[in-house]
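K.L.:
Sharing a structure here in structure tokens format.
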Amino acid sequence: MLKITLPLLLSSVLSTLFAFEQFVVVLSPELNATSASLQRYEKQRQWVKIGDKVPVTLGRSGLGYVAFKQPLKNEGDGRSPAGVFPITSTFGYDQNTTFKLPHWHADENLYCVDDVNDSRYNKILRIYDKSSLPSSYEVMRRPDGVYRYGAVIGYNPSAQRGRGSCIFIHLNQSDKRPTSGCTAMDEIPLRTLLEWLDGAKKPQILQIVKSECGKYQKEFEGIECE
């Protein structure tokens, strides 16, 4: 297990070693809960709240850990990843946006690969030759519209096989049903989040159970656990 999980753990730890000025904190009431809250923060002398706390929807199985604690996050388990991760880019159906992160235009050729046996695992890319599609993938221009706006969570950047892929922040379904492992929210707060995120401020997201929040308060002074 150590051999498999260490690269994932290091990627999560290293993301916190470099100065960042925007922090998104998602607090879940318990490990298997599918509803949580999201609060934005910016770094001043300490972390200061930005805007109001908003509800979000997690994976159908709750949260899963990067390493050393069960349950581990794995492909297809319906768990949103727990830990600290960079928010690396935005995506959406509009080609031109005012977002300040690198942006993927989600046209009919944009895919995210979730086939654990494919060399392109956990990568977003354009595939024009449909004969070269992997056996399993996410269509980024989904017919249900939940990818109309979204952001990419930099989970499993080393593409450890089977440890999870294509983790996003995206729109809720109309019935707010749990996701397959992403974090979902309503359109107005999602648009507010996406317009606020700034690549120059190296935004990070922390997703944890409330009972574990105290130890993060010591490291990230100013975040709230309620």
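The values are calculated or read from the model by the stated rules, or taken from the named source; none is laboratory data. Keep in mind it's a predicted model, so treat the numbers as computed, not measured. As a convention, Cβ positions derive from the backbone with ideal geometry for all residues, glycine included, and neighbour counts pool all protein chains shown. Each accessible area value is taken on the protein alone, full model and side chains, heavy atoms only, with ligands, DNA and RNA left out. Shrake-Rupley method; radii C 1.70, N 1.55, O 1.52, S 1.80 Å.
K.L.:
Just the residues that are in a loop (DSSP other than H, G, I, E, B) and farther than 16 Å from Gly181 by Cα, please, taken from the range 40-69.
P.N.:
Once the filter is applied, which keeps residues that are in a loop (DSSP other than H, G, I, E, B) and farther than 16 Å from Gly181 by Cα, the range 40-69 yields Gln44, Arg45, Gln46, Ala67, Phe68, Lys69.
K.L.:
Let me ask you something else. Given the condition modelled with pLDDT of 95 or more and either charged (D, E, K, R) or closer than 19 Å to Cys213 by Cα (or both), answer yes or no: does some residue in the range 88-97 qualify?
P.N.:
No, because not a single residue in the range 88-97 is modelled with pLDDT of 95 or more and either charged (D, E, K, R) or closer than 19 Å to Cys213 by Cα (or both).
K.L.:
For Leu125, which of the numbered conditions (1) surrounded by fewer than 17 Cβ atoms within 10 Å (Cβ to Cβ); (2) under 16 Å from the mean Cα position of the chain (by Cα); (3) not in a loop (DSSP other than H, G, I, E, B) fails to hold?
P.N.:
The failed condition is (2).
K.L.:
Of the conditions (1) open to solvent by less than 40 Å² (accessible area, probe 1.4 Å); (2) among the aliphatic types (A, V, I, L, M); (3) in contact with a strand residue (DSSP E or B) (Cβ under 8 Å, 6 or more places away or on another chain), Ala159 fails just one. Which one is it?
P.N.:
(3)
Yes/no per residue for (1) more than 17 Å from Asp186 (Cβ to Cβ); (2) open to solvent by 30 Å² or more (accessible area, probe 1.4 Å); (3) modelled with pLDDT of 95 or more:
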site	(1), (2), (3)
Gln22	yes, no, yes
Leu27	yes, no, yes
Tyr41	yes, no, yes
Val48	yes, yes, yes
Asp52	no, yes, yes
Val56	no, no, yes
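K.L.:
Additional query: Run Ser132 past the list (1) over 17 Å from Gly181 (Cβ atoms); (2) within 18 Å of the chain's Cα centre (by Cα) and report the number of the one that doesn't hold.
P.N.:
That leaves (2) as the condition not met.
K.L.:
Okay, next question. Consider Ile208 against the criteria (1) open to solvent by less than 30 Å² (accessible area, probe 1.4 Å); (2) of a type in the set (Val, Ile, Thr); (3) assigned to a helix (DSSP H, G or I): it satisfies all of them except one. Which criterion is unmet?
P.N.:
Here Ile208 meets the rest and fails (3).
K.L.:
Separate question: Read through the list (1) within 27 Å of Ala19 (Cα to Cα); (2) touching a residue at least 12 places away in the same chain (Cβ under 8 Å), then give the number of the only condition that Gly78 fails.
P.N.:
Exception for Gly78: condition (1).
K.L.:
Moving on to the next point. Out of the residues in the range 172-205 that are under 18 Å from Glu21 (Cβ atoms), charged (D, E, K, R) and assigned to a helix (DSSP H, G or I), which is most open to solvent (accessible area, probe 1.4 Å)?
P.N.:
Checked the range 172-205; the qualifying residue most open to solvent (accessible area, probe 1.4 Å) is Glu195.
K.L.:
Cβ-Cβ under 8 Å, sequence separation 6+ or interchain: first residue in the range 174-194 and in contact (Cβ under 8 Å) with a residue 40 or more places away in the chain, partner of a type in the set (Asp, Glu). Which pairs?
P.N.:
If the second residue must be of a type in the set (Asp, Glu), the pairs left are Gly181/Asp77.
K.L.:
Which of the residues belonging to the range 58-82 are closer than 17 Å to Gly154 by Cβ, open to solvent by 10 Å² or more (accessible area, probe 1.4 Å) and of a type in the set (Ser, Thr, Tyr)?
P.N.:
Across the range 58-82, the qualifying residue is only Tyr65.
K.L.:
Sticking with this structure for a sec: Would you please name the residue that is surrounded by the fewest Cβ atoms within 10 Å (Cβ to Cβ), looking only at residues in the range 130-144 that are in contact with a strand residue (DSSP E or B) (Cβ under 9 Å, 6 or more places away or on another chain) and not in a loop (DSSP other than H, G, I, E, B)?
P.N.:
Val139
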